Amino acid sequence: MGTHLPSTEFDGTAVDDQREADAEAVMGEPPAQMVQLLGPDGTLAADPVYSEYANRLTPEDLRGLYADMASIRRFDIEATALQRQGQLALWVPLTGQEAAQIGSGRASQPQDYIFPTYREHGVALTRNVDLAELLRQFRGVSNGGWNPKDTNFHLYTLVLAAQTLHAVGYAMGIQRDQKSAAQAAKEPDAAVIAYFGDGASSEGDVHESMVFASSYNAPVVFFCQNNHWAISVPTNVQTRVPLSNRAKGYGFPGIRVDGNDVIAVHAVTEWALEHARQGKGPVLIEAFTYRVGAHTTADDPTKYRHSAEEDAWRAKDPLLRLEKYLRAEDLADDAFFAKVKADGDDLAAYVRRTTHDLETPDIRSAFANTYAEAHPLVAEELAWFEEYSSGFAGEEELDAENAGPAAKAGH
């Protein structure tokens with residue numbers, strides 16, 4: 001029989017986990033069960049393990065989860081618009097993944113430390129990171145934008161999967177912290193969450209980090225947002241089985257959860273963090289969700305997937321799902337949803353105003369910050385850049401304009 005090479009373009013990629021379940025059946029294993037509490041129709045189901053955690057959520061908590069998801073979606077829309085207007089160099093949208101991020105982020109506690117990739121804007125919101133400051137990196141005026149010590153939310157990692165190693169190292173450090181009895185009584189146990197995507201799961205760093213986490217029983221939760229597309233490569237090319245099943249090979253629990261069900265995500269993550277804090281070792285969570293928009297604003301998803309696939313996932317919208325439940329249970333009314341919308345518009349206006357007030361990025365600073373001391377090769381490259389830039393008419397006027405009103409007043 002000839003070898004079949006998978007295509008990454010329009011090869012009939014399924015929008016659910018049927019292919020992966022079929023692959024498991026071929027190997028003689030039962031398909032991985034996906035934890036789902038809140039269905040697309042807004043009906044809440046029971047689960048023998050995770051309903052206990054879901055029941056801890058008060059009506060106020062549920063309204064808060066909805067408000068967070070709505071706020072981060074509005075922020076995402078605004079940030080995309082700012083990039084299109086030239087205010088940001090690049091933007092990484094998250095629309096479709098709000099439940100996975102808000103549910104998991106809200107399940108963490110202040111003492112927990114979080115290592116994100118570059119799309120965890122919703123998690124940043126739950127950790128009280130100023131979202132306007134978050135845009136400094138995408139504006140090109142900062143390598144970060146916030147101080148991780150203030151929120152226990154690490155800087156974004158642009159190198160795929162590198163943060164998983166950092167997270168395990170941090171978790172092993174937590175294990176080795178020497179605390180007095182008095183400190184231990186006052187300070188609650190902490191755990192670490194490492195976020196990564198289905199594409200990053202193919203990186204060797206993820207394998208190495210899971211080996212170390214298992215070997216040392218590190219208090220870390222690996223949170224994989226399986227959004228189905230590693231840029232243009234579908235998940236079924238990344239793996240033949242559900243990603244959560246990989247945990248078996250390392251000897252710790254793996255859970256697949258409906259990533260568009262914010263209640264289930266919150267419950268599963270809360271369970272996993274408790275498991276890690278209690279010294280029981282790592283957990284892998286696969287949040288089965290979908291990236292509705294582009295990988296980044298430099299990407300065009302119409303080149304590699306059908307619009308019908310996107311439409312099918314829009315029907316599973318995490319915000320609409322929770323709204324149905326809140327309305328059906330009389331936990332929220334029109335006034336609540338109107339206020340959420342108004343608050344989102346206020347956030348967007350704040351972010352827009354703050355971004356416009358940021359300094360204009362100067363590419364020359366990139367040359368200055370490459371090495372701690374002057375380097376001849378960097379100096380040569382800067383000289384070439386200066387010569388190249390001088391060839392554009394109006395360069396001096398442009399520099400003066402970018403320098404701002406104070407510099408102009410000095411001329």
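The values are calculated or read from the model by the stated rules, or taken from the named source; none is laboratory data. As the structure is a prediction and not an experimental result, all values here were calculated from the model. Cβ placement follows ideal geometry from the backbone for every residue including glycine, while neighbour counts extend to all protein chains displayed. All accessible areas refer to the heavy atoms of the entire protein, side chains included, with ligands and DNA or RNA removed. Shrake-Rupley method; radii C 1.70, N 1.55, O 1.52, S 1.80 Å.
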Practice prompt. Provide the per-residue ³J(HN,Hα) series for segment 47-54, in order, calculated from phi with Karplus coefficients 6.51, -1.76, 1.60 and θ = phi - 60°, each as a whole number of Hz, with x at glycine and proline positions.
Written response: 9, x, 10, 8, 5, 4, 6, 4
Practice prompt. Give me the percent of DSSP beta bridges within the chain that run antiparallel, rounded to the nearest 5.
Written response: 10 percent
Item to complete: Measure nothing but the geometry: give the 0 to 90° angle between the long axis through the Cα atoms of 204-215 and the longest principal axis through the Cα atoms of the chain, rounded to 10°.
Response: 50 degrees
Discussion item. For Cα Rg over 2.2 N^0.38 Å, one of (i) 1.02; (ii) 1.07; (iii) 0.91 was computed from the structure I shared and the rest are decoys. Which label?
Written reply: (ii)
Discussion item. Using only Cα atoms and rounding to the nearest 10 degrees, what angle (0 to 90) does helix 376-390 make with the longest principal axis of the chain?
Written reply: 70 degrees
Item to complete: Multiply the residue separation of Thr360 and Leu320 by 0.36 nm, subtract the distance between their alpha-carbon atoms, and state the gained length in nm to one decimal.
Response: 10.6 nm
Worksheet item: Looking only at Asp362, Asp112, Asp177, which one moves most when the chain is put into a Gaussian network model with springs between Cα atoms under 10 Å?
Response: Asp177
Worksheet, complete the sentence: Over the chain, the sum of -39500 (n - 2.57) across DSSP H runs of at least four, divided by residue number and rounded to 500 deg cm²/dmol, gives at 222 nm -14500 deg cm²/dmol
Worksheet item: So what is the accessible area of the chain per residue, in Å², with the probe set to 1.4 Å?
Response: 48 Å²
Response to the item:
To the nearest 10 degrees, the tilt of helix 334-357 (Cα long axis) against the first principal axis of the alpha carbons of the chain is 30 degrees
Worksheet item: How many lysine pairs does the chain hold where the Cα atoms are under 19 Å apart and the two sit 8 or more places apart or on different chains?
Response: 4
Worksheet item: Hey, with R₀ at 30 Å, roughly what FRET efficiency would His375 and Ile231 work out to, going by the Cβ-Cβ distance, to 0.05?
Response: 0.35
Worksheet item: Which of the peptides 223-230, 34-41, 95-102 is most tightly packed, and how do the rest follow, going by the mean number of other Cβ atoms within 10 Å of each residue?
Response: 95-102, 223-230, 34-41
Worksheet, complete the sentence: Counting sequence-distant residues (5 or more places) and residues on other chains, those with an amide H built under 5 Å from that of Ile255 are Leu284, Ile285, Glu286
Practice prompt. Would you kindly state how much longer the chain becomes between Glu329 and Lys303 on full extension, computed as 0.36 nm times their sequence separation minus their alpha carbon distance, in nm to one decimal?
Written response: 5.2 nm
Discussion item. Taking R0 as 45 Å, what FRET efficiency do you get between Asp189 and Ala342 from their Cβ-Cβ distance, rounded to the nearest 0.05?
Written reply: 0.70
